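Below is one structure; the comments refer to it alone.
Derivation of every value follows stated rules applied to the coordinates shown; laboratory data play no part. For clarity, every value in this text was computed on a predicted model and none was experimentally measured. Reconstructed Cβ throughout: ideal geometry from the backbone, glycine too, with neighbour counts over all protein chains shown.
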Amino acid sequence: MTAPSLSWSEKALRLLRRMNNFYLPGSSRSECLRFEVEGVQVGWVPPAVTPALSRFPKVFTPPQEGAITLCPGLDSYNSRSSSVHSVLQKLREENQYTCLRGWREEKYEVMARFCDSPLMCMERAATSLFGVKRYGVHVNGYTRDKDGTVRMWLARRSPTKQTYPGRLDNLAAGGLASGTGVRQTMIKECQEEACIPECIAENAHPVGTISYTYEDEEGVFPECQFVFDLELPPEFRPRIGDGEVQDFYLWPIEKVKDVIVTDDFKPNCAMVVLDFLIRHSFIQPDTERFYQELMTGLHRSL
């Protein structure tokens, strides 16, 4: 007998469970070690990574009381960053961890909370080996017709992208690299990915964050995305910029709603669009029985 097809609501819940699977029974969470710097937890070290770190006793202390820490002599931002970078370079040469094959020469700051001063920085491709928080910026681009009808701009990722090639995506998005601000990153990504000039991009409104933690074969991913809404002039058409996008589409909201729960959409970007649909009242509590569950899944504590 063929299994009954899932409703849209059930598919949306499945998406959110997938993106928060680190919290579900059967995850590696109970086996992970806390990654601590200066006595503060900044991440989760998956069990498959612990043996590799134990080979570098001048950088990492042996596991103790459920935690791995940096050696006490590494007492500054620069000494921590350079020592860990050297370890990661060696692990990259050994080709044991698939995530390091996507080395980007892009650094992410490591801190317990976004409001804290960073304790060190780390190569973006390696962050999942330590389960450190990753931050990014995503832009919902949309237009409003004369009759008030809202349509949304979506991008299709290039087939050569390292992650999720060819999937649907937000209008513009990017990771928050070391030393860059949130709004600065938003404007840069708009210009680079969609050729949106600064005079238009600067009209984007920060509307909050979404947060989630998932794990896969490459490690643990606690992520927070800073979300912007950008209403574009009806006559404006985004153009391909740096080659990370192969096409742009302007779709009605119902079509957008349907596609975000399919495998054609990059999962975390689908969450950003889901948040947009809720905030703009295209999904309402009287008609969506899982409304509260959707809200919870979009804003899990890291």
Residues whose placed amide H lies under 5 Å from that of R104, excluding near-sequence neighbours: R124, A125
Within the stretch 253-297: Cβ-based charge dipole about Cα centre, in debye rounded to nearest 20 (Lys, Arg +1; Asp, Glu -1): 120
Unit charges at the beta carbon, dipole of the chain: most positive-side option, P57, H280, T209: P57
Mean shadow area of the stretch 32-130, taken as a quarter of the surface of its Cα convex hull (nm²): 5.8
For the stretch 33-49 versus the stretch 177-217, the gap between their alpha-carbon centres in whole angstrom: 28
Helix 267-279 vs. the chain, principal-axis angle (Cα, 0 to 90°, nearest 10): 50
Charge dipole magnitude, Cβ of K and R +1, D and E -1 - the stretch 32-130, Cα centre, debye nearest 20: 240
Folded to 0 to 90 degrees: helix 8-19 orientation relative to the chain principal axis, Cα: 20
Electrostatic dipole magnitude of the chain [Cβ: Lys, Arg +1; Asp, Glu -1; Cα centre; debye, to 20]: 320
Candidates E215, E244, E65, ranked by Gaussian network fluctuation over the chain, Cα under 10 Å, top entry: E65
Under the Karplus curve 6.51 cos²θ - 1.76 cosθ + 1.60, θ = phi - 60°, whole-Hz ³J(HN,Hα) for the stretch 132-149, x wherever Gly or Pro sits: 7, 5, 10, 10, x, 10, 10, 10, 8, x, 8, 10, 10, 6, 4, 8, x, 5
With at most 14 other Cβ atoms within 10 Å, longest stretch of the chain clear of loop trypsin sites (Lys or Arg not before Pro) (DSSP): 147-238
Simple spin-label estimate for Q292 and A48 in nanometres, 7 Å along Cα-Cβ: 3.7
Label point at W103 placed 7 Å out along Cα→Cβ; residues across the stretch 69-87 whose backbone nitrogen lies under 13 Å: 85-87
Too-long pairs where the Cα-Cα distance tops 32 Å, listed order kept, from K58/K266; K188/K266; K11/K133; K90/K161; K146/K188; K161/K255: K58/K266
Cβ-based net charge around F236, under 13 Å, with every Lys or Arg adding one and every Asp or Glu removing one: +2
Cα long-axis angle, helix 182-194 against the chain (0 to 90 degrees, to the nearest 10): 60
Extension gain from R55 to D247, taking 0.36 nm per residue of separation minus the Cα-Cα distance: 64.5 nm
Listed residues M271, N20, Q89: farthest to the positive end of the dipole of the chain (Cβ charges): Q89
Table column - 3J(HN,Hα) (Hz), the stretch 90-99, Karplus curve with 6.51, -1.76, 1.60, x for Gly and Pro: 5, 5, 5, 5, 6, 6, 8, 10, 5, 4
Intensity falloff of the stretch 79-220 expressed as log10 I(q)/I(0), Debye formula with alpha-carbon point scatterers, at q = 0.09, 0.13 Å⁻¹: -0.34, -0.69
Highest-MSF residue in the chain out of F276, F114, F226 [GNM, Cα springs under 10 Å]: F114
Modelled FRET efficiency - R0 35 Å, E192 with L6, Cβ distances, 0.05 increments: 0.45
Convex hull volume per residue in cubic angstrom - Cα atoms of the chain: 153
Virtual spin-label span in nm between V150 and H205, 7 Å along Cα→Cβ: 1.0
